[in-house]
Amino acid sequence: MAIVDRGRVTDAITSLEGGMDSGRSPSLIEKNQVFYAQNVTFRGGFARTRAGFRRAKLNSSAAATALKDDKFQGSHYYQHSDGSGSMIAVAGGNVYKISANGSNWDVTDITNSVTLSSTVSRVHFLQAENYLIIQDGSNRAWIWDGSGGATASDASTKQVPVGTAMAYGNGRIWVANGRTLTAGDILNLVTGEAGTASILTFTENDYLAGGGSFTVPVGTSDITSLEFISAPNTALGHGELIVFTADAVTSVRVPVDRNDWFALQDPIQKVILINNGAVGDHTVEHVSGDLYFRSRDGIRSLIMAVRDQSQYGNTPISREMARILKYDNPTYFAETSSVLFNNRYLCTALPVNDESRGVAYKGLVALDYDLVGGLKGKLPMAYDGFWSLDVTRNSSDYTLQFLQLAVGNFSGTERCFAMVRNESMDTEMWELRLDTDEIFDVDLDSSGNALNQKITAQIETPSFNFGTPGSAKELESADIWMDELTGGTISFDVDFHPDQYPCWIDWQNWDVIAEYTASSCESFVDAQVQYRPRMRIGRPIDDAEPAVDKRFNMGWEFAARIKWKGQGRLKLLRLNARTIQEEPYADVLIDGASKVIACDCLSGVSSATNK
C-alpha cells in the first residue's frame, strides 16, 4: 500500500540505462541518467560498482627493475606464432617482453642493442605476420620475429623506412612520416613470402609513377594514425586504408593484386571527413565495422561523423563526458590511449605531465556498447562515466595514473592490461578484470601478497523537481535500496544540494556489513551477496544557505550525490519532500551586498560563509 501523507511529494531514480550525461543541465537530463558517475557500470540497467583491477606481479629481474625505473614510452600486445601472447613495453629506449609464468610475469630485455630514442614520449608499434616493428620517428625501425634477436631495418635492402604511424593490411605494410605514406611489398598468400624478398622490404613502390610515396591532400596536417577498415566476406577481411590526420580523414584504395599495383599511376584517395581526425596513433579502435577515435573535440565514430557531415555543427559523440574531457590539455593529445575490451571503449583522460617521466592520465572514460541487450532488442550505447584506480599505501591514499592500455589474447582469453604510474613515479602493470571476476582492486604489499582495495563508486542524480516545477518544497528525507552487497563493510556517504547551489551539503553517512566467502567451497558456509531495502536517510540540516535568504532544505529542486565504498548495486533512490506555501504576492527582496560561496576542493562539500 502506498504511503498516504497529504502534501508529501516524491521523486526517484531506479534503472539508469541512459548512463552519464554531463552535457546537459542536471535539470534537463532524463530520470534514467545521472549527471556524473565514477567507478560504476550501468550494464544491466542499474548502477553498480565497476569490476576490479588486479596488479600484475612482475619478477625481480634487472629487466623488471629497469622497466619500473625508466621513462615509459609505450606498450603493445604481441602474438607469437604458436598462439601464445606477451606484453611488450618500451622504457628508456629499451624493449621488454612481459610473459605470463603461472600467476606471475617474467620480464626480459629483448632490445639486442638496437637503438631507440630514450627521450621520445611514445613509440609506435605494428605486428605484421610474425614481425613486431617499433618506430620512434627518428631511428631505423626496431624489428623482431618473436624468437631470435632484434635487428634494425636495413636501409641498403630497402626495409621498413622511418615513420610515426604504421598499418598492415591486404598483405602490405604501410608507413607514414609527416604527410606522406609508403606501401611495402605484398605478401604472397600461397608461399607466405613477398615477391623476391619479405614483407619488410619496400621495393614495389618504385614502379609507381612519380616515386614511391603518397601524400595526403593539401591543407591537412601530418598523419597521426593508419588503420584498415574491416571488410567482412572478403579474403583478408580488410577494406580501405583509413589515413588520419589531426584535422581530416582520408581513405586510400589500392589494388591487392601485384600486377595491378605495377600498372597503378596513383592510388584512389578520398577525403571522407573534414575538420576533425585522430589526435594520436594509439587512440583509434575497431568497433565492428566502425572506427572510434579521440579527436580534438572529443570522441568520434567515423561512420557517425561521415553520416552527419552535412549537418550543422558536426559534433562528437562525447558531449555526455564534457565534465571530464573539457579538462584534457591539447598539448598531450598525442599520448592518449584507447582499447576495445569487454564491449567497452576505454580511453585515457585528464593528462598529468612530469618533465622527466612524461605524460600519464588520471583515469579512463568508459563507453559501454552492451548496456542492456538480448533477443528482444538492444538499448543504445551509453557512458559508464569516469573510472579511476585509487589505492591506499602506507596509510596514504593515491590515485594511480594510466600510461597506456593494451588488449590481447592469452590462452584463449581476451585480457586488458594498463601500464600505470604509481606515487613514486614508477611503472606498474595492472589488469582490468571482467565484470564479475573481481570485487576489489587487488594491490600487492611489499612482500608481493595480494592486498584487497575497496572501490569507491559515486553518482550524482538529476535535479529533481518532484513533478511540480516552480513549486517550493522542503526536503524531508530519502530512501535507498541496495543489493549485490558483498566484500565486508560497505560505507555510504550521501550529500545533497538545493536548486543551483554549487556545493554539496553533508546529509548522512553509515555502514552495512555484508560478509562474503572469498572463494567458493572455502568453508561449509558459502556467504551470499546481500541486499538492504529502504535504508532511511533522515531530515537534512536547517542551516541558512549563504548568499540566499532561505534554508538549505528548502528549495524548488534538489539533487543528491551517493558514494559507496565497496561492492554494491543501487536499485532505487527516492527523495521525499513536502510542498510548502509561498506568499503569492509578496515583494521580492534583492540583496545587493557582496556574497561568497566556496566549496571544498576535494569533496565539493560546502564550506561557504556569508560575507
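The values are calculated or read from the model by the stated rules, or taken from the named source; none is laboratory data. All values reported here derive from a predicted model rather than from experimental measurement. Here the Cβ positions follow ideal geometry from the backbone for every residue, glycine too, while neighbour counts run over all protein chains shown. For accessibility, only protein heavy atoms count, side chains too; no ligands or nucleic acids. Shrake-Rupley method; radii C 1.70, N 1.55, O 1.52, S 1.80 Å.
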(request) Collect the residues in region 317-350 that are part of a loop (DSSP other than H, G, I, E, B) and either aliphatic (A, V, I, L, M) or in contact (Cβ under 8 Å) with a residue 40 or more places away in the chain (or both), keeping them in residue-number order. (result) I317, S318, T336, S337, N342
(request) Look through region 349-395, keep the residues that are within 17 Å of Y292 (Cβ to Cβ) and open to solvent by 50 Å² or more (accessible area, probe 1.4 Å), and return whichever of them is farthest from the chain's Cα centre (by Cα). (result) P380
(message) Tell me whether region 435-451 contains one or more residues that are out of contact with any strand residue (DSSP E or B) (no Cβ under 8 Å at 6 or more places or on another chain) and under 21 Å from W564 (Cβ atoms).
(response) yes
(request) Would you mind stating whether D435 is within 19 Å of the chain's Cα centre (by Cα) and modelled with pLDDT under 95? (result) yes
(message) Checking the conditions here, which among D511, D506 is under 24 Å from F42 (Cα atoms), at pLDDT 95 or above, more than 30 Å from the chain's Cα centre (by Cα) and not aliphatic (A, V, I, L, M)?
(response) D511
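Kindly provide the set of residues from region 461-476 that are over 21 Å from D21 (Cβ atoms) and open to solvent by 10 Å² or more (accessible area, probe 1.4 Å), ordered by number.
T468, G470, S471, E474, E476
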(request) Being in a loop (DSSP other than H, G, I, E, B) and at pLDDT 80 or above is the filter; apply it to region 518-531 and report the residue that is farthest from T436 (Cα to Cα). (result) A527
(message) I need a count of the residues in region 582-606 that are closer than 22 Å to W507 by Cα and at pLDDT below 80.
(response) 5
(request) Quick one: count up the residues across region 85-115 that are modelled with pLDDT of 95 or more, in contact with a strand residue (DSSP E or B) (Cβ under 6 Å, 6 or more places away or on another chain) and open to solvent by less than 20 Å² (accessible area, probe 1.4 Å). (result) 11
(request) State which residue is most open to solvent (accessible area, probe 1.4 Å) when the search covers only region 396-428 and only residues that are in contact with a Leu (Cβ under 9 Å, 6 or more places away or on another chain), touching a residue at least 60 places away in the same chain (Cβ under 8 Å) and of a type in the set (A, V, I, L, M). (result) V407
(message) Would you confirm whether or not region 429-450 contains a residue that is in contact with an Asp or Glu (Cβ under 7 Å, 6 or more places away or on another chain) and either assigned to a strand (DSSP E or B) or surrounded by fewer than 23 Cβ atoms within 10 Å (Cβ to Cβ) (or both)?
(response) no
